[in-house]
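Data block below; observations after.
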Amino acid sequence: MNRHPRLASIALVAGMLMLSACGQNAAPAENVSEGTAVTNPSNEASQNTEPADEADAAADQGAEDEDSQILVVLDQTEMPIESGGLTFSFKKIPQGYALREMQWHGEGDPVITTYEQARENGASGGDGFYISGDGQFSGFLYPNEQKGEQGEISFVFSNDAGQEATWSKEITLQ
């Protein structure tokens, strides 16, 4: 029945190696911004936004800082919609913290959306911050008139004790 178990084992190991190597040397996509922020979670959350290239330096700050590190990926590649938009995902948030609100501070009125409002926007398809029903998709939709606008996007996380950690980045809407 198993005439060549050694050959099958080698093929299995080779397949696993190929799968694990996928994406290791992928070039970063254009219009994708990744960054980390090391925060001191407190009611007066201080922040230190660093470029993604300095993530290794941040990791050397110790296990305590590692627990409070936030990693957000922003993607402004063109979307198949009539208005402008960007998507975001959270690669790392401090343990025990959850997303509380999202903010855009640009040239016009600030956009401040709670997590619950973003879920409602995800269901209705409205402008502003949204999170899909299953949480798989999240982003910020804005009118075409805002393209080229410079401002700051922020994500505020909080824990059960009311402490906050914030990630912010200066960007230009595309």
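Which of the residues belonging to segment 155-174 are of a type in the set (Val, Ile, Thr) and closer than 22 Å to Gln117 by Cα? Explain how you work it out, then say what you get.
Keep residues of segment 155-174 that are of a type in the set (Val, Ile, Thr), which gives 156, 166, 171-172.
Those that are of a type in the set (Val, Ile, Thr) and closer than 22 Å to Gln117 by Cα: Val156, Thr166.
Could you look through segment 63-85, keep only residues that are among the hydrophobic types (A, V, I, L, M, F, W, C), within 27 Å of Gly125 (Cα to Cα) and modelled with pLDDT under 95, and pick out the one that is surrounded by the most Cβ atoms within 10 Å (Cβ to Cβ)?
Within segment 63-85, the first condition is being among the hydrophobic types (A, V, I, L, M, F, W, C), and the residues that meet it are 63, 70-74, 79, 81.
Right, trim to within 27 Å of Gly125 (Cα to Cα) and you get 71-74, 79, 81.
Of the ones still in play, those that are also modelled with pLDDT under 95 are 79, 81.
On the way: Met79: 14, Ile81: 10.
Only one residue fits best here, namely Met79.
Please indicate, with yes or no, whether at least one residue in segment 115-123 is in contact (Cβ under 8 Å) with a residue 40 or more places away in the chain and within 19 Å of Ile171 (Cβ to Cβ). Show your work before the answer.
Pass one, segment 115-123, residues in contact (Cβ under 8 Å) with a residue 40 or more places away in the chain: none.
Scanning segment 115-123, I find no residue that is in contact (Cβ under 8 Å) with a residue 40 or more places away in the chain and within 19 Å of Ile171 (Cβ to Cβ), so the answer is no.
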(request) From Ser89, Ser138, Ser124, grab the single residue that is modelled with pLDDT of 95 or more and either surrounded by fewer than 16 Cβ atoms within 10 Å (Cβ to Cβ) or hydrophobic (A, V, I, L, M, F, W, C) (or both). (result) Ser89
(message) So the check is Cβ under 8 Å with 6+ separation or different chains; which pairs have a first residue in segment 154-165 that's over 16 Å from Ser89 (Cβ atoms) and a second one that's of a type in the set (Asp, Glu)?
(response) Val156/Glu101; Val156/Glu164; Ser158/Glu164
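Can you spot a residue in segment 157-172 that is part of a loop (DSSP other than H, G, I, E, B), in contact with a helix residue (DSSP H, G or I) (Cβ under 9 Å, 6 or more places away or on another chain) and crowded, with 18+ Cβ neighbours inside 10 Å?
Quick first cut of segment 157-172, residues part of a loop (DSSP other than H, G, I, E, B) only: 159-163.
Retained after the next criterion (residues that are in contact with a helix residue (DSSP H, G or I) (Cβ under 9 Å, 6 or more places away or on another chain)): none.
No, segment 157-172 contains no residue that is part of a loop (DSSP other than H, G, I, E, B), in contact with a helix residue (DSSP H, G or I) (Cβ under 9 Å, 6 or more places away or on another chain) and crowded, with 18+ Cβ neighbours inside 10 Å.
Every residue, every condition in (1) in a strand (DSSP E or B); (2) charged (D, E, K, R), yes or no:
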{"position": "Leu74", "(1), (2)": "yes, no"}
{"position": "Ile81", "(1), (2)": "no, no"}
{"position": "Lys91", "(1), (2)": "yes, yes"}
{"position": "Glu101", "(1), (2)": "yes, yes"}
{"position": "Gly108", "(1), (2)": "no, no"}
{"position": "Asn121", "(1), (2)": "no, no"}
{"position": "Phe129", "(1), (2)": "yes, no"}
{"position": "Asp134", "(1), (2)": "no, yes"}
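The values are calculated or read from the model by the stated rules, or taken from the named source; none is laboratory data. The shown structure was predicted, so the numbers you read here are calculated from the model rather than taken from an experiment. Heads up, the Cβs are rebuilt from the backbone with ideal geometry, glycines too, and the neighbour counts pull from every protein chain shown.
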